[in-house]
Amino acid sequence: GPRQVGKTTAVHQVIKKWGGPAHYASADLPAPPDAHWVKAQWETARLATKRAGKPTALLVIDEVQKVSRWSEIIKGLFDEDRRQKLPVRVILLGSSSLHVKQGAEESLAGRFELHFCPHWSWSECKKAFKLSLEDWLFYGGYPGAAPLMQSFDRWSSYVSDSLIESVLARDVLQMSNVSKPALLRQLFMLASQVPAQIVSFNKMLGQLQDAGNTTTLAHYLHLLGASFLVSGVNIYSGGVLRQRASSPKLLFWNNAIPSALARQPFAQARAQGEWWGRLVENAVGAHLVNQKPAGAELSYWRDGNLEVDWVLEHRKSLLALEVKSGLSAPHSRGLDAFASRWPKAKTLVIGEGGIPLETFFSTEPAALL
């Protein structure tokens with residue numbers, strides 16, 4: 001899951017309640033650790049089981065994606081334990097879906113369970129921090145930033161410097177092959193100005209310096225999405241192969257990101273109807289992408305002037321959603337056109353004239369499907 005959503009805090013709670021010996025180690029070091037480092041942590045857990053008379057030991061490795069060829073190393077040690085019947089249980093934490101999932105699927109097939117820890121929902125923030133819906137729509141769901149909300153300057157600096165910059169520098173640029181780091185940062189800043197908007201790659205090329213080509217931009221957007229910052233959501237095609245160069249809809253995984261980068265305090269952002277509408281629409285998409293059931297796909301749909309804000313597909317269920325924040329027309333011709341093309345789809349209006357925002361953000365997408 002993303003950085004700063006509580007993965008490490010949660011695992012320390014598990015360690016505290018663990019009945020046997022436990023060992024925690026973080027790979028988030030100035031110099032990326034190697035295979036010897038992993039083996040040393042593993043051996044520490046093995047020795048703990050022997051000293052304690054062979055009760056089950058718990059080994060936790062945090063930010064495992066930092067270790068080069070981590071999945072191959074883990075596979076060898078895990079299989080060795082199984083052969084020797086050593087009672088070691090392992091939890092691996094990672095903040096880059098690209099490297100964690102890819103490594104696990106390539107080397108650890110049949111050996112792991114995947115648990116996704118998403119950005120915090122409104123229900124969680126309301127329970128933990130008494131956040132109103134409007135506060136959550138603006139400040140997003142980073143628990144570490146919640147105590148700073150009383151000072152917008154402190155809050156926005158914390159989100160920009162401590163959260164966003166850490167992910168860009170340590171999870172994107174350090175972990176991936178990025179030939180033009182400055183371009184990736186430009187792309188990210190451009191996206192922050194247009195949350196929940198459809199922007200063609202050709203238009204991006206016209207606004208970015210040294211942009212190269214659309215393939216480079218699509219790759220960089222994929223890297224940003226794999227680090228849970230901003231994703232380029234594809235157009236829904238009803239099972240037809242999507243065009244690679246289709247215009248993406250820019251979705252931020254957490255509303256704190258565009259709010260902090262816009263440098264507009266809450267009152268100013270709330271007074272700007274169009275910007276607030278974009279934050280609401282982005283929050284709906286972020287709720288869907290963070291809380292959706294495994295295997296579900298999020299997209300949008302557009303045909304000429306007809307548009308559906310978000311489309312969620314899971315197995316044989318199809319859900320089309322239109323977000324009404326007060327400025328849009330009360331009736332959606334886009335939903336009608338979508339329903340006529342895919343008669344089995346369920347259509348929902350979120351906001352004015354439909355499901356109240358409070359109800360939607362308190363409901364898991366699986367229940368809507």
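Brief remarks on what is shown
- Under the condition of being within 14 Å of Leu250 (Cβ to Cβ) and small (Gly, Ala, Ser), the residues counted in segment 271-318 number 4.
- For the residues Glu307, Glu358, the requirement of being closer than 24 Å to Ala146 by Cβ, in contact with a helix residue (DSSP H, G or I) (Cβ under 7 Å, 6 or more places away or on another chain) and of a type outside the set (A, V, I, L, M) singles out Glu358.
- Scanning segment 115-133 for residues that are assigned to a loop (DSSP other than H, G, I, E, B), aromatic (Phe, Trp, Tyr) and open to solvent by less than 70 Å² (accessible area, probe 1.4 Å) returns a single hit, Trp120.
- Hits in segment 53-80 (condition: among the β-branched types (Val, Ile, Thr), at pLDDT below 95 and either within 22 Å of the chain's Cα centre (by Cα) or under 17 Å from His36 (Cβ atoms) (or both)): Val64, Val67, Ile73, Ile74
- So Glu72, is it open to solvent by 20 Å² or more (accessible area, probe 1.4 Å), among the acidic types (Asp, Glu), farther than 30 Å from Leu229 by Cβ and part of a helix (DSSP H, G or I): no
- Subset of segment 164-197 [assigned to a helix (DSSP H, G or I), among the hydroxyl-bearing types (Ser, Thr, Tyr) and touching a helix residue (DSSP H, G or I) at 6+ places or on another chain (Cβ under 6 Å)]: Ser192
- Near pairs, Cβ below 9 angstrom, 6+ apart or cross-chain, from segment 178-204 (among the β-branched types (Val, Ile, Thr)) to any residue that is open to solvent by less than 60 Å² (accessible area, probe 1.4 Å) and assigned to a loop (DSSP other than H, G, I, E, B): Ile198/Ser247; Ile198/Pro248; Val199/Ser247; Val199/Pro248
- Condition check for Gln268: of a type in the set (S, T, N, Q), within 20 Å of Ser132 (Cβ to Cβ) and in a helix (DSSP H, G or I): yes
- Residues in segment 145-163 that are open to solvent by 40 Å² or more (accessible area, probe 1.4 Å) and in a helix (DSSP H, G or I): Pro147, Asp153, Arg154, Ser157, Tyr158, Asp161, Ser162.
- Where Thr216 falls short, out of the listed (1) at pLDDT 95 or above; (2) in a helix (DSSP H, G or I): (1)
- For segment 9-54, a residue qualifies if it is in contact with a strand residue (DSSP E or B) (Cβ under 6 Å, 6 or more places away or on another chain) and not in a loop (DSSP other than H, G, I, E, B), and the qualifying residues are Val11, Ile15, Ala22, His23, Tyr24, Ala25, Ser26, Gln41, Thr44, Ala45, Ala48, Thr49.
- Against the conditions (1) part of a loop (DSSP other than H, G, I, E, B); (2) touching a residue at least 24 places away in the same chain (Cβ under 8 Å), Gly110 satisfies every one except (2).
- Residue, farthest from Glu281 (Cα to Cα), within segment 129-146, restricted to residues that are in contact (Cβ under 8 Å) with a residue 12 or more places away in the chain and hydroxyl-bearing (Ser, Thr, Tyr): Tyr142
- Qualifying residues in segment 85-114 (those that are open to solvent by 20 Å² or more (accessible area, probe 1.4 Å), among the aliphatic types (A, V, I, L, M) and modelled with pLDDT under 85) - the one farthest from the chain's Cα centre (by Cα): Val100
- Boolean, Ile61 is in a strand (DSSP E or B), touching a residue at least 12 places away in the same chain (Cβ under 8 Å) and crowded, with 21+ Cβ neighbours inside 10 Å: yes
The values are calculated or read from the model by the stated rules, or taken from the named source; none is laboratory data. What you see is a predicted model, and the numbers here were worked out from it, not measured in a lab. Counting neighbours? That spans all protein chains shown, and the Cβs are built from the backbone with ideal geometry, glycine included. All accessible areas refer to the heavy atoms of the entire protein, side chains included, with ligands and DNA or RNA removed. Shrake-Rupley method; radii C 1.70, N 1.55, O 1.52, S 1.80 Å.
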